[in-house]
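The values are calculated or read from the model by the stated rules, or taken from the named source; none is laboratory data. Model, not experiment: these values are computed from the prediction. Here the Cβ positions follow ideal geometry from the backbone for every residue, glycine too, while neighbour counts run over all protein chains shown.
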Amino acid sequence: MGYPLIFFHAFIGEIGLFAYLWVLVEMLNPTEIRIMRAKTAATIGVICLFVAWIAGGFYYVDVYGSAVKPAIKASDAKWVHSIVMETKEHVFLFLPPLAILTTSLITRFGKQLIDNKTARKTIILLAGLIFLLGFSIAGMGAIIASGYRFALEVGLV
Amino acid sequence: MNPKALIRSTTVVIALIAVFTILSEQFSVVKNFFALFGHHWIGKSVLALLVFGALYLLLSKSDENLDDNSIWWLIGTVVLSGLAIAGFYTWHFI
């Protein structure tokens, strides 16, 4: 049986990541209206990533630790928890500060982004970094789900 | 809002998250301290946010002209910190 909270965590996190892809696209050739849209996208992104952070934390403490982790650790795929999950849960902590930073820079520079090439380049690189880092974390989530399925298939639960 | 101070604070906080993570696995006293917040993961998150706020306040009066170097330092720190965490857990597992 699936856990709705983990689905919600992944879904809302990915919405947040696509919001930063949206920011990146708007910043490629900014106009006043595109900057406004980028601000909206970045605000949606930061909210989604914070909600994903809280949902993921609840899932980890309430479900993962008691049901999923013991099954994975008892199987031949124990590396999935020991390496992939441990890396994922800590690298995820990079995302909220990066999201706050990107959103704050768009707010701080506003219309100046049309002429300020350095600020624009900084925001494009940050949005791309969030998107790539976030989806590598989502990939780790998929590996963890596969590890759990493997443990279920070999009858450890 | 000082953009350079924001980027520098973020850079330091990301490096600190990697340091907190590795130290808490190596020394149980550090992990127990983070666990005082309810769970070691919550402890690291709260402390990272507090350090971010304090650093920004400290640096906010400094030069605010954004340069190209700041973002590359941040990207380098994210990549190295991520590799340090993944490398540490791989080494720990082996």
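General observations
- Number of the condition not met by B:L16 [criteria: (1) at the interface with chain A (Cβ under 7 Å from one of its Cβ atoms); (2) under 23 Å from A:V84 (Cα atoms); (3) hydrophobic (A, V, I, L, M, F, W, C); (4) under 16 Å from the mean Cα position of the chain (by Cα)]: (1)
- Some residue of the range A:122-130 being buried (at least 21 other Cβ atoms within 10 Å of the Cβ), at pLDDT below 95, in a helix (DSSP H, G or I) and not hydrophobic (A, V, I, L, M, F, W, C): no
- Residue among B:L50, B:L59 that alone is among the hydrophobic types (A, V, I, L, M, F, W, C), away from chain A (no Cβ under 11 Å) and free of Cβ contacts under 8 Å to residues at least 40 places away in the same chain: B:L50
- Residue in the range A:83-97 that is aromatic (F, W, Y), surrounded by fewer than 23 Cβ atoms within 10 Å (Cβ to Cβ) and either in a helix (DSSP H, G or I) or out of contact with any Asp or Glu (no Cβ under 7 Å at 6 or more places or on another chain) (or both) present: no
- Residues located in the range B:24-45, provided they are aliphatic (A, V, I, L, M), surrounded by fewer than 15 Cβ atoms within 10 Å (Cβ to Cβ) and in a helix (DSSP H, G or I): B:V29
- For the residues A:L21, A:L5, A:L98, the requirement of being farther than 18 Å from B:Y89 by Cβ, among the aliphatic types (A, V, I, L, M) and touching a residue at least 60 places away in the same chain (Cβ under 8 Å) singles out A:L21.
- The set of residues in the range A:35-50 that are β-branched (V, I, T) and more than 14 Å from chain B (Cβ to nearest Cβ) comprises A:I35, A:T40, A:T43, A:I44, A:I47.
- Only listed residue being assigned to a helix (DSSP H, G or I), of a type in the set (D, E) and either more than 18 Å from A:A19 (Cβ to Cβ) or within 8 Å of chain B (Cβ to nearest Cβ) (or both), chosen from A:D62, A:D76: A:D62
- A:A127, sole failed condition from (1) facing chain B (nearest Cβ under 10 Å); (2) within 22 Å of B:V13 (Cα to Cα): (1)
- Residue among B:A48, B:A5 that alone is within 18 Å of the chain's Cα centre (by Cα), part of a helix (DSSP H, G or I) and modelled with pLDDT of 90 or more: B:A5
- Among the residues listed as A:A71, A:A42, the single one being modelled with pLDDT under 95, crowded, with 17+ Cβ neighbours inside 10 Å and assigned to a helix (DSSP H, G or I): A:A71
- Of all the numbered requirements in (1) farther than 30 Å from B:A54 by Cβ; (2) surrounded by 18 or more Cβ atoms within 10 Å (Cβ to Cβ), A:H9 misses one, and that requirement is (1).
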